Each structure stands twice: as C-alpha cells, then as structure tokens.
Amino acid sequence: MVVHSAAERVLAGLDPEQRSAVTAPAGPVCILAGAGTGKTRAVTSRIAHRALTGDISARHVLAVTFTARAAAEMRARLSALGVGGVQARTFHAAALRQVRYFAPRLLEGRAMPELLDSKVRVVTLAAAKVGLRADRAAARDLAGEIEWAKSSLVEPGEYVVAAAKALRETPYEPAKVAEVFDAYERLKRGNGVIDFEDMLRAAVWGIEEHADVAEQVRGQYRHLVVDEYQDVNPLQQRLLDAWLGGRDDLTVVGDASQTIYSFTGATSSYLVDFPRRYRGATVVRLVRDYRSTPQVVGLANAVISQARGAEARLRLELHGQRPPGPEPDLRIFTDEPAEANAVAARCRALIDGGTPAREIAVLFRTNAQSEAYEKALTEAAVPYVVQGAERFFERPEVRQAMIALRAATRSIPGETPLPAAVVEGLAAVGWAPDAPPAGGAARERWEALAALVQLAEEYAATPEVVPIGEAVEIERPVTLGDFNEELARRAAQQHVPTVEGVTLASLHSAKGLEWDAVFLVGLAEGTLPTTYAKTPEQVEEERRLLYVGITRAREWLWLSYAAARSPGGRARRPSRFLPQLDRSGGGERAGGGTARRTERRRAQVVSCRICGATLLAGADRKLGRCPTCPSDLDEELYERLREWRQRVAGAQKVPAYVVFTDATLTALAERKPGRTEELIAIAGIGPRKLGLYGDTVLALVAGAGVDEVCPQKSFEI
C-alpha cells in the first residue's frame, strides 16, 4: 500500500501527455518532447513509477545523457522521488566505468591505457609527421574531423570517400586529413594512450567479442533510457545496441527540431526511424511548454513551421502554458558595433532593474562574434562569462590548476575528502579560499579556480556505485583521480562550471540551458544561415539553431541584426528564418509591384532617436523610439495637446483619435518639433493633417495656450 501510494504521488501534477509517457507499458517507448515541455520530469517519473510499482528494479536501470549536468539532474530528481540506485551517466562515463571494471579480464593483466584529455597535442605531432605545420586552431579543426570520423565508424582509409559523401568542409585537402588521421592513430598506439572514441569502441568490443562480459553487463542493465536521442552518433548507437543485446526495454527522449550537431556525427535518423525499427512502439508527444511565455512560444512555432526534411516529420507545435509576456523585441542596427553597444546598454538596464546577470544571455552563431560583445559589456560595466570549454579550460590558470591537481594525486592521501583535496592541490598554483582580490585579472583568475572548487563540492555529492557480483553494490566516495577524469571529460564535452555574469554563448553551446532574458544577435544572411550551409539539409539545421535559441528564453527575447558589419560597410539582409523581419524587407526577393512597395517602405525607415535601432511597429515609429528606451515626455505640453485635441474633436463631432492618436500626441510631447520639417517627420502626420493643424501644433509646442490657438467659435474645415 505504501509503495503504491508513493507511485501515485509520482503521477501527481503530471499533464495528460506526461502521464501517458510515465505509464506506458514495458518495451520500446519514444517520447517526442518539445523545448520546455518537462522531458526530464517525464523520464525520471517513468523510471520512478516503474520502480515503485515493482515493474523493475532501479539498480537494473542505465540512463544515459550527453552532459554530466543532465546526468546529475536526473539522479537528483530520482532521489527526490524516493528512488536510488539508478545509474544515470553520460555515454562516455558509462563506457569508461565498464572498460575500467573489465580491464583486468580483457587486457589479461596489462595496465589500462591512459585516457587523452585532448587530441590537439597528438594531432599537432601527427600533422608534423605528414608535412603539415598546424597551429592550434588548425589542430583543433583536424581533431574535429578525426572525432567526426571515429564517431561515424569511419577508418583512416575510408575517410576521403566518407567526407565527400557527407559534404564535409575539411580544413585541408581530404587525402591530407586522412594522412593525419592515420598518423594520429599510430602515435596513440605507440604511446599507449586512447581517446574518448577509443573508449567507447573498447566498451563495444568488450561486449560484442566476449560473451561473459556481455552476459554480466546485460544482466546488470536490463532497462535502458536515452536522453537527447536526436544527438546520438553511430558509435554511440552501436554501444547502445551492444547494451541491449536484442532486447527492447528501451525508452528514448528527443526532439528532432533540436538536431543541431550533425557536424560532430550526430544524427536524428535513429529518433526518426524508431517507430519503424521497433514495431508497436509507444510514441508520446509532449507539447505543453512550461518554460516560455506564449509570445516566445508563438515565435518559435512560426520559425520551425517552415522546416522541411526528415526532421520536420516529427515537428511539434508547442502550446505555451505560462501567463502572457512581452512581445519579442525585433531590432535592426546600422552596423555591428551599434548592435553590440545597444545590447550592452539593455543588459545594464535589465540588471539595474533587478534581473540577475546570470539570468541574461547573449547568443550568437559563431564564437568569433563574441569579441564585440565582450568589449561592449566591459565598457558598460556589465559582468559576463563566455560559455564553452575552450574559453574556460584553455585559460592559463585553469590549465595550470588541472596539471597541479593531477600531480596532487601522488601526494594527497586517498581518503582526503574531495573538496579539501582540491583546495590543497590548488595551493600549488597560489590559490587560497579566502576573500577574492580586487577587480581585474587577479579576481577573474581567483573566481575561475573557485569555480573548480565548487565543481568538486557538487561532484563529491554523488558517490560512485560499484557492482560486486550479481546482486550486491557498494558506494565508493569519489577521489581526486575521479575528479581529474571528470574535468578531462568536461573539457572534451564543452561543459563548464557556472560563473556569475551575463552569459555569452554560441547557439550550439546554449542548447539545454535557459535564461529569463535572451538576446539573439547577428541574425543576418551569411551568418545565420552561415555561408557554409549550401545544401537544403544544412540550411534546415541552421533554422533549427535559431529555433533552439528562441526556446532558451523564458520571458524576454531580443532578436537583432546589423545592416552592415562595420560603419559604411556593404548592406546585408535579415535572416530568411525571421518571419517578422522578412515581411518588412523580404519583398526584394520578389518581383514587380512587391519590389516597388519595398522601395517605398525603405524610404520611410524610422530609427530610434535614442538607441538607433530601426523601428518596425507603427506606434514605435510614431514615438521615434523603442518602447523600452527612456521617455522624455513633456507632461505639461502633453496635457495642452490633449485639451486642444478634445476641443477640435468636439467642434468637428468626431472621435478624438481622428484628429491625432494618443501615440502621435506622445510623440509630439517627446520630440517637441520646432519646424515644419520636424513635424512632418513624425509618422502619422501627413500633408493633409499638416495643412489642417501644423501651424497650431507648432504654436502649442512653442508655448502657446489652448485658448490662444483654439478660439471659442466652432472649428470648421
């Protein structure tokens, strides 16, 4: 009775679709979960409900994710639901644990090879062996090609053909890349080291080629769950198939509209084909968005509704569940510096208004766009952090700290609690857990190392469960060696600790995160979609990138682009993926009358007199400023204008707005035109109204009283 009441509590508060996912029968289950629809809650509730009803044993569940953060969140939620013992890990962590456990048996007593924390150094040496002098950037590009090939189960001798079929943009001529790939593999073997892909392949080999290993692994893990299934690559799928061994107790969760990592080898084909591969599979669609306001959700739906291709077959139309919020803010700027400065100013205003800096993000297509925003935010005194492993883990102090922590494993006793061991290890690089130094580089250095200590505290809170035989498990406290391996995985997977400040991130690295306020910047043709997107499939992935960016915002969303990269530069068009901006300028791709109408619109472009953004909404154009920019309304003038309008409307027996709308009166009281040219520049005052009211309005602005300009006798036209 107690167990069943606990299982009922798991179901409490779930929406009908989530409940269907949780209570689906054993066997293949595919949960298509849109952004913000509670997929983690659904999948952890499914595991907990099955365990609490006695359908499964929690210790026989393996749940795999793509980030350590997601795995930790899954473990925490399961614990809160009263279910322990589930192994929730990344693909790499699960494979490493199994390879390490079976190494004595598989390697016949030989030591397990050391795991490379980065390919770059070995790739640089491999490039030199085949006559290439690769700088660090080129070495990273080559390492990326090797990772794609290995994740796609492509060998060095197959690379040239495979790269051509996949339309890869290779850093060097494909045959040369293949030579580097081959030299890299030989160098690894000669030095007795392996990389992360080797580790996954070793886990596959151990199961596929050793019946006793397969029996033990499959006996331990009888129920499998895969999060973000649209991001699985062929090597990971092969490992998943090895774990399953022909069984079908598999739950996968994914969203084809968030497939944005095909350049790494990830493919949504396994998610798309799941119902065909597993006949009779239960398919559940989660479409209630609890993250974003209906306004943000509406824009996301508008963008993804135009999608084409295989992923579009599983497209979900989201339904916002939150109260209404502000409309997305669409801005056009003259150049990129103006765009960056406006973003920085708005970030400053949001922070001054009470929004925490950590709840604000500036997202862009490429990391190269970050520099302009770093400069603008610095000048606006806005703290920021650049998301992505390269920036954090490549900082000199972080690299030195990781070296010091690896060295500390030889001198710090193994029983030392992990946080204390990390603090002691960081003493070698001059870090101490006292008050941070004053601002500047010294403080940034202190905070970066403090982030490692915080990470150690979080990691120490999840002890490792080690199987002993078929039915017994023990918990082993994590050690400094374990933490060093975790840091290496995070560096490889671009998973950085949290540092306070506005987040600057690429759209790729923002996936899986969310903020109260999001700025999507640089939304111009050639940037999003990038000029490298040449095929229909590549263009569709660029559309999905924008969709992912939009769905990161909870309440406030800004979308902008610069008409030119630099002042006076060549004009650019807004991204084709933006429906609103496309309506204001997309006619130039049409012909005849549409193009002529576009030219008339261009002649009436109105910019915000405060921040310089191009104004799109009619009311904003009349005001001459963005609704979020500060008002300089002359209230006394506004009241005189209102009184005058009331008298004129009464004399003409027409509604007041026929004379002038409230927006026009506000614009007059803010802009206070002193000449006819300034008056007619206000949207809504055309030649007719200028002739009727122009002199009178100018007199009122100059200080005339209503009685002076509006005699008691009837006003007639």
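Taking the Cα centre of segment 37-105 as origin and charging only Cβ (+1 Lys, Arg; -1 Asp, Glu), how large is the dipole, in debye to the nearest 20?
Dipole of segment 37-105, to the nearest 20 debye: 140 debye.
Amide H contacts of Val225 (H built 1.01 Å from N, in plane; Pro and chain starts excluded): Leu62, Ala63, Val64, Thr251 sit under 5 Å, all sequence-distant by 5 or more or on other chains. Relative contact order, whole percent, for segment 10-147 stands at 15, derived from Cα pairs under 8 Å and 6 or more residues apart. In sequence order, segment 696-706 has phi-based couplings of 5, 5, 4, 5, 4, 4, 6, x, 5, x, 5 Hz under the Karplus curve 6.51 cos²θ - 1.76 cosθ + 1.60, θ = phi - 60°, and Gly or Pro positions carry x.
Looking at the chain alone, DSSP beta bridges between its own residues are antiparallel in about 15 percent of cases.
What the phi angles of segment 640-652 give under the Karplus curve with 6.51, -1.76 and 1.60, with θ = phi - 60°, is a coupling list of 5, 4, 5, 5, 4, 4, 5, 5, 5, 5, x, 5, 8 Hz, glycine and proline written as x. When the P(r) is computed for segment 45-84, the part past 15 Å accounts for 36% of the Cα-Cα pairs. Round to the nearest 10 and give me the degree value, 0 to 90, for the angle of helix 196-209's Cα axis relative to the longest principal axis of the chain. Computed tilt is about 50 degrees.
For segment 497-540, the Kirkwood estimate of hydrodynamic radius, built from reciprocal distances between every pair of different alpha carbons, is 12.7 Å.
Applying 1/(1 + (r/R0)^6) with R0 = 22 Å to the Cβ-Cβ distance of Ile680 and Glu708 gives a FRET efficiency near 0.45. Calculated from the structure at hand, P(r) over Cα pairs in 20 Å bins from 0, in percent is found among (i) 15, 43, 29, 11, 3, 0; (ii) 13, 28, 29, 16, 10, 4, 0; (iii) 17, 49, 29, 5, 0 as (i). Using C-alpha pairs below 8 Å separated by at least 6 residues, the relative contact order for the chain is 13 percent.
Each residue of segment 39-44 is assigned a 3J(HN,Hα), and the resulting list reads 5, 5, 4, 5, 6, 5 Hz, derived from the Karplus form 6.51 cos²θ - 1.76 cosθ + 1.60 (θ = phi - 60°), x at Gly and Pro. Computed about its Cα centre, the charge dipole of segment 513-564 is approximately 40 debye, with only Lys, Arg, Asp and Glu carrying charge at their Cβ.
How far is the Cα center of segment 501-540 from the Cα center of segment 287-350, in Å? If we compute the Cα centre of each part, the gap is 12 Å. Solvent-accessible area per residue in the chain equals 45 Å², computed with a 1.4 angstrom probe and all protein chains kept.
Once you sort the root eigenvalues of the Cα gyration tensor of segment 487-570 as a ≥ b ≥ c, which label holds: rounded (a/c under 1.5), prolate (a/b larger than b/c) or oblate (the other case)? Cα axes put segment 487-570 in the prolate bin. Is the shape of segment 159-279 rounded, prolate or oblate, going by the alpha carbon gyration tensor and its root eigenvalues a ≥ b ≥ c, with a/c under 1.5 for rounded and a/b larger than b/c for prolate? Taking the square roots of the gyration eigenvalues as a ≥ b ≥ c, segment 159-279 is oblate.
Rg and Dmax of segment 73-176, both derived from C-alpha coordinates alone, stand at 19.1, 59 Å. Taking other residues whose beta carbon is less than 14 angstrom from the beta carbon of Val160, and scoring Lys, Arg as +1 and Asp, Glu as -1, yields -3. Principal semi-axes of the equivalent ellipsoid, √(5λ) from the alpha carbon gyration tensor of segment 175-229, are 31, 16, 9 Å from largest down. What percentage of the solvent-accessible surface of the chain, computed with a 1.4 Å probe over protein heavy atoms, is contributed by carbon and sulfur atoms? It is 52 percent, rounded to a whole number.
Give me the net charge for the shell around Ser292: Cβ to Cβ below 9 angstrom, other residues only, Lys and Arg +1, Asp and Glu -1.
With Lys, Arg at +1 and Asp, Glu at -1, the net is +1.
Evaluated with a Cβ-only charge set (Lys, Arg +1; Asp, Glu -1), the chain carries a dipole of roughly 1760 debye about its Cα centre, given to the nearest 20. By a 1.4 Å probe calculation restricted to protein chains, Asp249 has an accessible surface near 30 Å², given to the nearest 10.
Leu200: net charge of surrounding residues, Cβ under 9 Å, Lys/Arg +1, Asp/Glu -1, itself excluded?
Result for the neighbourhood of Leu200: +1.
Both radii were evaluated on the Cα set of segment 1-123; the Rg over Rh quotient, with Rh as the Kirkwood radius, amounts to 1.09.
Modelled label positions at Ser566 and Leu167, each set 7 Å beyond Cα in the direction of Cβ, lie 3.2 nm from each other. Indicate the gyration tensor shape class of segment 256-320 (rounded, prolate or oblate), computed on the Cα atoms with a ≥ b ≥ c the square roots of the eigenvalues: a/c under 1.5 is rounded; otherwise a/b larger than b/c is prolate and the rest oblate. Oblate is the answer for segment 256-320, as a/c is 1.5 or above yet b/c matches or exceeds a/b.
The values are calculated or read from the model by the stated rules, or taken from the named source; none is laboratory data. Because the structure is predicted, anything quoted here is derived from the model rather than measured. Glycine also receives a Cβ, built like all others from the backbone with ideal geometry; neighbour counts cover every protein chain displayed. Please note that ligands, DNA and RNA were not included when accessible areas were found on the heavy atoms of the full protein model with its side chains. Shrake-Rupley method; radii C 1.70, N 1.55, O 1.52, S 1.80 Å.
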